[in-house]
Amino acid sequence: MKILIIVVAVMAVAVAGVLLYATTQPDQFRVARSATIKAPPEAILPLLVDFRRWQWSPYEHKDPSMARSYGGPATGIGATYAWEGNRNIGKGAMEITEVSPSKVTIKLDFEKPMTAHNVAEFALAPNGAGTEVTWTMSGPTPFIGKVMHVFFNMDRMVGDDFAAGLASLKTLAEQTQGSRS
């Protein structure tokens, strides 16, 4: 009985420690990755403002059988994309809210595996003979998210996906640019 009490006490202290540590985590998160693409912004922009052309996105390949739906205009502000897939993909929706020659902003709402409301942004900046593309996601971190961040490195998990997506976007944009030359 004494051992059981000690084990329970140690577990209670550990849980309290994790919860206390979680309270020290930031209220907002931001994940960003960049890549230089040998194409001008006007060659990259169409691949970002048309969700039907997002075959470069790593999330499109994590569940090939996921359900997809599109709404609003085909491209640009107001274009929407919703998905529902396996537990790796979950369920959510995106809407393009801003488009300029140097930026695309997307409202990103997740329903599953947990509810979250974030913003994704693609910034395009001329860089020598190419374009520096930065893919960013940011949003609030509720307490449960802070607890999860104690155990999971979101920057690494999402950042690795962003880096893979940018590499695919680079390949696609440079192939498209090469075929126009």
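The values are calculated or read from the model by the stated rules, or taken from the named source; none is laboratory data. What you see is a predicted model, and the numbers here were worked out from it, not measured in a lab. With ideal geometry, Cβ positions are generated from the backbone for all residues, glycine too; neighbour counts draw on all protein chains shown.
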Output for the range 126-142, where each listed residue is more than 18 Å from ARG30 (Cβ to Cβ) and surrounded by fewer than 18 Cβ atoms within 10 Å (Cβ to Cβ): PRO126, ASN127, GLY128, ALA129
Restricting to the range 16-27, give me the number of residues that are surrounded by fewer than 10 Cβ atoms within 10 Å (Cβ to Cβ) and out of contact with any helix residue (DSSP H, G or I) (no Cβ under 9 Å at 6 or more places or on another chain). 1
Being touching a residue at least 24 places away in the same chain (Cβ under 8 Å), of a type in the set (Lys, Arg) and surrounded by 13 or more Cβ atoms within 10 Å (Cβ to Cβ) narrows it down to one residue among LYS146, LYS107, LYS91; which is it? LYS146
THR36 being at pLDDT 95 or above, surrounded by fewer than 17 Cβ atoms within 10 Å (Cβ to Cβ), closer than 27 Å to ARG156 by Cβ and of a type in the set (S, T, N, Q): yes
What number of residues within the range 42-52 are modelled with pLDDT under 95 and not hydrophobic (A, V, I, L, M, F, W, C)? 1
Residue match in the range 99-114 (condition: among the polar types (S, T, N, Q), at pLDDT 95 or above and closer than 27 Å to ALA22 by Cβ): no
Which of the residues belonging to the range 94-104 are in contact with an Asp or Glu (Cβ under 8 Å, 6 or more places away or on another chain) and either surrounded by fewer than 15 Cβ atoms within 10 Å (Cβ to Cβ) or free of Cβ contacts under 8 Å to residues at least 12 places away in the same chain (or both)? PRO101
For the range 123-143, name all the residues that are in contact with a Leu (Cβ under 6 Å, 6 or more places away or on another chain) and polar (S, T, N, Q). THR131
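Scan the range 110-124 for residues that are over 11 Å from the mean Cα position of the chain (by Cα) and either among the acidic types (Asp, Glu) or surrounded by 14 or more Cβ atoms within 10 Å (Cβ to Cβ) (or both) and report the count. Explain how you work it out, then say what you get.
Here is the first cut: in the range 110-124, the residues over 11 Å from the mean Cα position of the chain (by Cα) are 111-117, 123-124.
Those left that are additionally either among the acidic types (Asp, Glu) or surrounded by 14 or more Cβ atoms within 10 Å (Cβ to Cβ) (or both): 111, 116, 123-124.
Adding up the residues that qualify gives 4.
Is it the case that PHE162 is within 26 Å of ARG87 (Cβ to Cβ) and of a type in the set (Phe, Trp, Tyr)?
In short, yes.
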Consider the range 125-156. How many of its residues are among the charged types (D, E, K, R) and either assigned to a loop (DSSP other than H, G, I, E, B) or over 12 Å from the mean Cα position of the chain (by Cα) (or both)? 2
Number of the exception - TYR70 against (1) in contact with a helix residue (DSSP H, G or I) (Cβ under 9 Å, 6 or more places away or on another chain); (2) within 30 Å of ASN153 (Cβ to Cβ); (3) not in a helix (DSSP H, G or I): (2)
Would you be able to tell me the number of residues in the range 66-98 that are within 29 Å of GLY130 (Cβ to Cβ) and more than 18 Å from the chain's Cα centre (by Cα)? 5
